[in-house]
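Report on the following structure.
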Amino acid sequence: MKARLGEVDASMRQPAMLFLVSAVFWLLAGSAFAIMAAIKSTNPDFLGLSEWLTFGRVRTAHLNAMIFGWGNNVIFAVAPWIMGRLCKARIRHTNILLAAGIFWNIAVTVGIFGILRGDMVGVEWLEMPAYITPLVIITYALIGVWVVIAFRWRQSEHVYVSQWYILAAFFWLPWLYTIAQIMLIFEPATGVVQSLTNWWFAHNVLGLWLTPIAIATAYYLIPKVLGRPIHSYYLSVVGFWALALFYNWAGVHHLIGGPVPAWVISAGTVASVMMVIPVIVTAINHHLTVVGSHKDGWASPTIRFVMFGAINYTVVSLFGSAMALRHVNEVTHFTHFTVGHAHHGVYAFFTMIMFGAVYYMMPRLLFREWRNPFLIRVHWWMCGLGILLMVISLQIGGWIQGLEMNALDADGVPVHTFIQVVENTKPWLWLRSLSGLMLLVGHIAFAINVFWMIFSPKTEGQVTQPTLLTPTTEET
Amino acid sequence: MKSLPLIFLGVFFTLAFSWTGIVLTSHLQMKDLTPVTAELVDKDDKPVGGGNFLVNGVTIKNTDGMTAYPLRPVGEAQRGKEIYEQMGCLYCHSQQVRRKGFGADFERGWGNRQSVARDYIEQDRVMLGTMRTGPDLTNVGLRYPELWQYQHIYNPQITSTGSTMPPYPFLFEVQTINELTGPSVEALELPANYHPGPGFEVIPTQRAKDLVSYLMSLNQDYELPEIKFTEE
C-alpha cells in the first residue's frame, strides 16, 4: 500500500531529527576549530603553547568535524528521508537508523578527541584513529542496508534520478572506506601506492559521496518547490553514468608532478577534464528547470540555498577540471588555491544545498514553521557572501603564491625568497579569517532558528504557507 | 533505470575499474622495487638490489662497501615519523621534489634530482604532502644542521622571522640549571630574547630528538639506476 508523504515524514521524524541536531552541533564545533586554525595561519603564536590545539591538529579536527560530523550527519538525515519519500512505502526499521545515529556520533566524537590527543593518522581524510574503524563500518553498513531495504520494497511505479544517486553513494562510500582502511592502516601498501590509494579514497569521498548526495537533493527539491518537472530524463541518465565513470579516476590529480607512474597522472587528468560532461549535463538539467521561476526561487529559502549550490557545482567543477591541466596545476598545486577550491566544493556546493534541504525538511518533520525569517536572511547573506569571500581570497592569494613560488629571474634564481612568498599570503589569509567569521555568524543564526523551532509549539493549522523571504509572483 | 541489480552492477564496476587502474595496477608495477646501488648491474645490464640479490636462483651477497638505497629509517628516525604524523606536519610540508622545469623545486635548492617511487619503498607511512605553506622537506637535513632544526621547532621565529609555522615548546622542557653539575650538555642554545632567563635551560624531550632525527633522515642524496643527479 502506498504511503502518503505526511506518513513518511512522521515515521522519519525521530532518526532524521537525531541526525539533524547532531549535524548542527558539529557544524558549530567545526566552525570553532576553523576559526582557531585560520587565526593560527597568520598568527602562529595564538594558542601556541597548547599541544592539543597546535595548528596541525585543529585544522584536522576542523576537516573531520565538518566532513564526518556535519556532512555525514546531515546526509544521514536528508538522503534516507528523500529515499523514503520517493519510495512511497510505509517506513520500517527506523531503529536501524537510530542505532546508526548513535554509533556514528560516538565514532566522530572519539575520533576527533583522538586527533586532538595525538592519535592522528598521517593520511589525509582518514585521520581519525583506527580504534573507531569498527564503529564507522557498522554505521555505514546499517544505513546502507536501510536504504537498500527502502528501495527494494518501494511502492512507487517510477524510480527517480535522486534514487540512483543515493543508492550509488551509499554503496560507494562503505566500499571506498573499507578498502582505504585496509590498504593504508591495517595492511599498508608499499611506497607511493599509499599515496595513490589515499587520493583515490579522499577525492572519491567528495566525488562519490558528497557530490551525488547533493546532486540528488537538488534534483529532488528544485522540481518539488517550483512545481515543475525536471528538464530532461535522458540527460539525467547520461549525467549519472558519466559521473560514475569519470569521477572515480580524477583523484590522482592531487599527485601531479609527484613520484608516481606518469600514466596514472595522465589518466587522472583525462578523467578530470572528462568530468565536464556530467557537470554540464547536470547544470543544464538543474538550471533549465529553474529558468523562468527565478522570482519564486528567490522567495524560497530552500531554492535560494539549493540554486546557490547548484550554480557553484558548475563553477567549482569547471575550475577543478582546469586545475588538473599540468600547466595550471604547476601554479595551483601546493598552494592555498587548492584550499579555496576544496571549500568551494564542500561548502559553496554541498553545504549550501544541504542548508536548503534542512529549510524544506524540518517544517514537514516537526509540523512547525521557521520561527524567524530574519535569521534565515542573516544565514543566507552571511554564508553566501562569506563563502564567496573565502573562495575568492584564497584563490587569488593562492594563485599569487603559486606564481611567486615558481618565478625565476634570468639567471634561474628564484625571484622571491620562501619567506617573502609566505609574507605575501598573509593579507589574503586575513581575509579568509574574516570570511570564516561571517560563516560562523551565519551558522549561529541557523542554529538559533533550528533550536527555536524544535522547542516551540506546533504551528500546524495556524500557519498556512511556508516562510518566504520575498513576495512571490502569485501574490503580486 | 528501475532495476536494483542493474544499478548495483554499474556502480560496482565503475568503482572496481578505477581501483584496478589506479591502485592495483600501480601496485603490480611497483611491488618488485627493492633498494639498489646505482652502480650494480646484472648480465642484462639491469640494476640489482638489496643486501642480497638473486642471480639464476642463487642468492649472492651484494658487494661490500656499497650501500643499497633508499635506507630504512630506524630508531629515533622511525619514531620521529610518528611525531611528524601526530603534529600534522604534512598539512604544510611536502616530501617530494618535482622534475626540473616543473615548478622551481630545483632552483629553491630542495633537491638535485626528481623524487621517484623507489625513494619511498622503505617508509611505512608515505607522506608526500599536498601543501607547501612551508618548504618541501626532502633533503632538509642537508640544508640545515641539527641545531637549526631544534631552534626552528622550539620557535620558528628564531631562525625564520615572519614564518607562519607554529612553535612547538611542548616538545621541550624548561628546567633550572643544576648548581652542582652546571648546564646540561643537551641544553639548547638560544638567542637572548627567546631564552627563558638566567638559571634556566631548555632541554629537548625525546620526542623532539626523534622528530629531528626523522627530519635529518629525509635525504634523497643518492643516485638510483633510474634517476641520476641533474647536471647543470
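Just a yes or no: is a residue in segment A:186-194 of a type in the set (Val, Ile, Thr), within 11 Å of chain B (Cβ to nearest Cβ) and touching a His at 6+ places or on another chain (Cβ under 6 Å)?
Just the residues of segment A:186-194 that are of a type in the set (Val, Ile, Thr), to begin with: A:190, A:192-193.
Remaining after also requiring within 11 Å of chain B (Cβ to nearest Cβ): A:190, A:192-193.
From the residues that got through so far, the ones that are touching a His at 6+ places or on another chain (Cβ under 6 Å) too are A:193.
Yes.
As an exercise: evaluate residue A:201 against (1) open to solvent by 10 Å² or more (accessible area, probe 1.4 Å); (2) among the aromatic types (Phe, Trp, Tyr); (3) out of contact with any Gly (no Cβ under 7 Å at 6 or more places or on another chain) and give the number of the one condition it does not meet.
That leaves (1) as the condition not met.
Over 30 Å from residue B:22 (Cα atoms), out of contact with any Phe, Trp or Tyr (no Cβ under 6 Å at 6 or more places or on another chain) and not basic (Lys, Arg), is that true of residue A:291?
On the way: over 30 Å from residue B:22 (Cα atoms): yes; out of contact with any Phe, Trp or Tyr (no Cβ under 6 Å at 6 or more places or on another chain): yes; not basic (Lys, Arg): yes.
Taking the combined requirement at face value, the residue satisfies it.
Among what's in segment A:385-418 and is out of contact with any helix residue (DSSP H, G or I) (no Cβ under 9 Å at 6 or more places or on another chain) and open to solvent by 60 Å² or more (accessible area, probe 1.4 Å), pick the residue that is farthest from residue A:348 (Cα to Cα).
Applying the filter and picking the extreme gives A:411.
Taking the residues in segment B:11-32 that are more than 7 Å from every other protein chain (Cβ to nearest Cβ) and of a type in the set (A, V, I, L, M) as candidates, determine which candidate is surrounded by the fewest Cβ atoms within 10 Å (Cβ to Cβ).
Of everything passing the filter in segment B:11-32, B:28 is surrounded by the fewest Cβ atoms within 10 Å (Cβ to Cβ).
Residue A:189 passes all but one of (1) of a type in the set (A, V, I, L, M); (2) crowded, with 24+ Cβ neighbours inside 10 Å; (3) not in a helix (DSSP H, G or I); which number fails?
Evaluating residue A:189 over (1) of a type in the set (A, V, I, L, M); (2) crowded, with 24+ Cβ neighbours inside 10 Å; (3) not in a helix (DSSP H, G or I) leaves (2) as the failure.
Condition first: part of a loop (DSSP other than H, G, I, E, B) and within 21 Å of residue A:42 (Cβ to Cβ). Now tell me which residues in segment B:131-160 satisfy that. Quick ask: steps written out before the conclusion?
Going residue by residue through segment B:131-160, those that are part of a loop (DSSP other than H, G, I, E, B) are B:132-139, B:144-145, B:155, B:160.
If the condition is that a residue be part of a loop (DSSP other than H, G, I, E, B) and within 21 Å of residue A:42 (Cβ to Cβ), then B:132, B:133, B:134, B:135, B:155, B:160 are the ones that fit.
If the requirement is being surrounded by fewer than 23 Cβ atoms within 10 Å (Cβ to Cβ), part of a helix (DSSP H, G or I) and not assigned by TED's automatic domain parsing to the domain that holds residue A:221, which of these qualifies: A:170, A:113? Working first, answer last.
Numbers: A:170 fails: surrounded by fewer than 23 Cβ atoms within 10 Å (Cβ to Cβ).
Only one candidate passes the filter, namely A:113.
Do we find that residue B:192 is over 30 Å from residue A:260 (Cβ atoms) and open to solvent by less than 60 Å² (accessible area, probe 1.4 Å) in this structure? Before the answer, list the steps.
Values: over 30 Å from residue A:260 (Cβ atoms): yes; open to solvent by less than 60 Å² (accessible area, probe 1.4 Å): no.
No.
Tell me the residue from A:28, A:20 that is hydrophobic (A, V, I, L, M, F, W, C), within 18 Å of the chain's Cα centre (by Cα), at pLDDT 95 or above and within 22 Å of residue A:117 (Cβ to Cβ), please.
Of the residues listed, the single one that is hydrophobic (A, V, I, L, M, F, W, C), within 18 Å of the chain's Cα centre (by Cα), at pLDDT 95 or above and within 22 Å of residue A:117 (Cβ to Cβ) is A:28.
State all residues of segment A:45-67 that are under 30 Å from residue A:10 (Cα atoms) and either buried (at least 24 other Cβ atoms within 10 Å of the Cβ) or facing chain B (nearest Cβ under 9 Å) (or both); if no residue qualifies, say none.
Initial filter on segment A:45-67 (under 30 Å from residue A:10 (Cα atoms)): A:65-67.
Passing the criteria: only A:65.
Can you tell which of B:99, B:113 is out of contact with any helix residue (DSSP H, G or I) (no Cβ under 9 Å at 6 or more places or on another chain), without any contact (Cβ under 8 Å) to a residue 24 or more places away in the chain and part of a loop (DSSP other than H, G, I, E, B)?
Details: B:113 fails: without any contact (Cβ under 8 Å) to a residue 24 or more places away in the chain.
From the options B:99, B:113, the qualifying one is B:99.
Out of (1) at pLDDT 95 or above; (2) surrounded by fewer than 19 Cβ atoms within 10 Å (Cβ to Cβ); (3) not assigned by TED's automatic domain parsing to the domain that holds residue B:205, the odd one out for residue B:62 is which?
For residue B:62, the failing item is (1).
Of all residues in segment A:147-167, which are open to solvent by 20 Å² or more (accessible area, probe 1.4 Å), in a loop (DSSP other than H, G, I, E, B) and of a type in the set (A, V, I, L, M, F, W, C)?
Within segment A:147-167, A:153 is the sole residue that qualifies.
For segment A:265-281, which positions are surrounded by 23 or more Cβ atoms within 10 Å (Cβ to Cβ) and within 11 Å of another protein chain (Cβ to nearest Cβ)?
Passing the criteria: A:268, A:271.
Consider residue B:101 carefully, then state whether it is away from chain A (no Cβ under 14 Å) and modelled with pLDDT under 95. Before the answer, list the steps.
On the way: away from chain A (no Cβ under 14 Å): no; modelled with pLDDT under 95: yes.
Judged against the criteria, residue B:101 is not a match.
Go through A:307, A:382, A:352 for me and flag whichever is out of contact with any Ser or Thr (no Cβ under 8 Å at 6 or more places or on another chain), open to solvent by 10 Å² or more (accessible area, probe 1.4 Å), in contact (Cβ under 8 Å) with a residue 12 or more places away in the chain and closer than 20 Å to residue A:284 by Cα. Even if it seems obvious, please write down each step before you answer.
On the way: A:382 fails: closer than 20 Å to residue A:284 by Cα; A:352 fails: open to solvent by 10 Å² or more (accessible area, probe 1.4 Å).
Answer to the selection: A:307.
The values are calculated or read from the model by the stated rules, or taken from the named source; none is laboratory data. Because the structure is a prediction, the values reported are computed rather than measured. Don't worry about glycine lacking a Cβ; one is built from the backbone with ideal geometry, like all the others, and counts go over all protein chains shown. Keep in mind that these areas ignore ligands, DNA and RNA; they rest on the heavy atoms of the full protein, side chains included. Shrake-Rupley method; radii C 1.70, N 1.55, O 1.52, S 1.80 Å.
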